[in-house]
Amino acid sequence: MTLLAVGINYNTAPVSVRERLAFPADSLESSLKTLWSSQKINGAAILSTCNRTEFYCHTEDTNPKTLIEWVADTKKISTKEFTPYLYSHTDSQSIRHMFRVACGLDSMVLGEPQILGQMKTAYQAAYEAGTLGKHLGKLFHHTFSAAKKVRTDTAIGSSPVSVAFAAVQLSQQIFNSLSDQTALLIGAGETIELTARHLFQNNIGRIIIANRTYDKAHALASQFNGYAIDLSELPTHLAEADIVVSSTASQLPILGKGRVESAIKKRKHKPMFMVDLAVPRDIEAEVAQLSDVYLYTVDDLQNTIDENMDSRRKAAEQAEEIIDTQVEHFLSWMRSQGAQTVITDYRQQAALTRDQALLKAMSELNKGRNAEDVLNFLAHSLTNKLIHTPSAQIRDAGENDRHDLVAAAREIFKLP
């Protein structure tokens, strides 16, 4: 049996290919069951995100041909259209690949934590579909343990490496608790959406989203229990904001020194944290001159991000060492499974021999024979029966110059 990992990701395939091989959550269970029912696949799980689609299988076939044909048939796509973008790993390399993916070492943003949650979702889907199997289930659990150890023992995820995340982390340093603060986000693009998500996950008290197109602001705000306003309403709501993050495509500043100064007066000089992530800038540089305003630009945050990326790269080297050890641990477990059936059979054989000897001894007792004599008989006969077959096999091995078996027997029985 082989552990097989096959997939595509942001490095190997363009989005036009990745989107055709994506598996929506609502179809995952039926897809897994169909894949699992394939004659040569005993365990299956599918990880499907915007950046990757990967198939993890415990299979009798090291060749991924069966899996590739199933994907082509399921997705109604010719194998020629996606096989050039595929990568495939078996056994130790598939184990290592899963560990690296879960730790964020194979991610677009090095060390990003979201992928571990997505791996757990893939595991849960396969578990509920009944397609995991013993070996794949064990591998997922070991994957989660390895990822936890990497995050505990290294700094792989401790430093922000996106401007949105860096802005939120900086706001946490300025304010004791975000749950008491109001954030005003200007714009409705990807950066603002990511900022809103980070703020929401960190329990921000209130989110206001301002945009030129009110419908876009409303659509984004509704995802985070926020409040949408038109850009023209900024002067009215600016004083409410403890945190202001702006990222628009405007060619002219949206917030000038005078407007911010008025808001600070309304706030009775309560501090305001402002982050301008736009290029050209949305907030006039002179705003930084105001007391009680902490203004940061994208360049300020980028310097921090560059330093943090260096820190993550160093942590990634430590993570690879941890993964090496964890891969060997899992391989040891797999090797032990091969011996388990031998141990089980040997125990069953010994139990049968014991029961037969005990039955004979009980019969002798029932006939009124002396108990001490019966115990001696039981010990003698049981010992002879248990060692008879191994002794005969060792004798035959010696007669046939199988010194390796003789040496193995000495090691197995721990003979001096």
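Below are the figures for this structure:
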item	result
Residues being among the acidic types (Asp, Glu) and surrounded by fewer than 21 Cβ atoms within 10 Å (Cβ to Cβ) - total across the range 239-284	3
Count of residues meeting criterion [in contact with a Phe, Trp or Tyr (Cβ under 9 Å, 6 or more places away or on another chain) and assigned to a loop (DSSP other than H, G, I, E, B)] in the range 12-27	3
Conditions (1) buried (at least 21 other Cβ atoms within 10 Å of the Cβ); (2) part of a strand (DSSP E or B); number of the one not met by Ser88	(1)
Subset tally (residues that are more than 25 Å from Gln114 (Cβ to Cβ) and either in contact with a Pro (Cβ under 9 Å, 6 or more places away or on another chain) or not assigned by TED's automatic domain parsing to the domain that holds Tyr127 (or both)) for the range 26-64	0
Residue match in the range 188-200 (condition: surrounded by fewer than 20 Cβ atoms within 10 Å (Cβ to Cβ) and of a type in the set (Ser, Thr, Tyr))	no
Options Ser222, Ser246; residue that is within 34 Å of the chain's Cα centre (by Cα), under 21 Å from Ile174 (Cα atoms) and assigned by TED's automatic domain parsing to the domain that holds Ile192	Ser246
Residue within the range 306-313 that is buried (at least 22 other Cβ atoms within 10 Å of the Cβ), at pLDDT 85 or above and not assigned by TED's automatic domain parsing to the domain that holds Gln251 present	yes
Count of residues meeting criterion [closer than 21 Å to Phe140 by Cβ and in a helix (DSSP H, G or I)] in the range 28-69	10
Cβ-Cβ under 7 Å pairs, at least 6 apart or on other chains, the range 10-25 side assigned by TED's automatic domain parsing to the domain that holds Leu110, far side basic (Lys, Arg) and surrounded by 14 or more Cβ atoms within 10 Å (Cβ to Cβ)	Tyr10/Arg52; Arg20/Lys75; Leu21/Lys75
Answer residue from the range 22-60, given it is crowded, with 17+ Cβ neighbours inside 10 Å and touching a Lys or Arg at 6+ places or on another chain (Cβ under 7 Å) and is nearest to Thr12 (Cα to Cα) among those	Thr53
One residue from Phe200, Phe273 being outside the structural domain of Gln114 (by TED's automatic domain parsing), part of a helix (DSSP H, G or I) and either on the phi < 0 side of the Ramachandran plot or of a type outside the set (D, E, K, R) (or both)	Phe200
Every residue from the range 325-355 that is in contact (Cβ under 8 Å) with a residue 24 or more places away in the chain and either of a type outside the set (Val, Ile, Thr) or in contact with a strand residue (DSSP E or B) (Cβ under 9 Å, 6 or more places away or on another chain) (or both)	Gln326, His329, Phe330, Leu331, Trp333, Met334, Gln337, Ala350, Arg354
Residues (among the β-branched types (Val, Ile, Thr) and either part of a strand (DSSP E or B) or within 20 Å of Ser232 (Cβ to Cβ) (or both)) located in the range 251-270	Ile254, Val260
In the range 367-408, the residues that are within 19 Å of Asp355 (Cα to Cα), among the β-branched types (Val, Ile, Thr) and surrounded by 13 or more Cβ atoms within 10 Å (Cβ to Cβ)	Val374
Failed condition for Leu132, given (1) within 19 Å of the chain's Cα centre (by Cα); (2) closer than 24 Å to Ser107 by Cα	(2)
Tally of residues being aromatic (Phe, Trp, Tyr) and in a helix (DSSP H, G or I) across the range 203-232	1
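The values are calculated or read from the model by the stated rules, or taken from the named source; none is laboratory data. Since we're looking at a predicted model, the values are computed, not measured. Every residue, glycine as well, gets a Cβ built from its backbone with ideal geometry; the counts of neighbours run over all protein chains shown.
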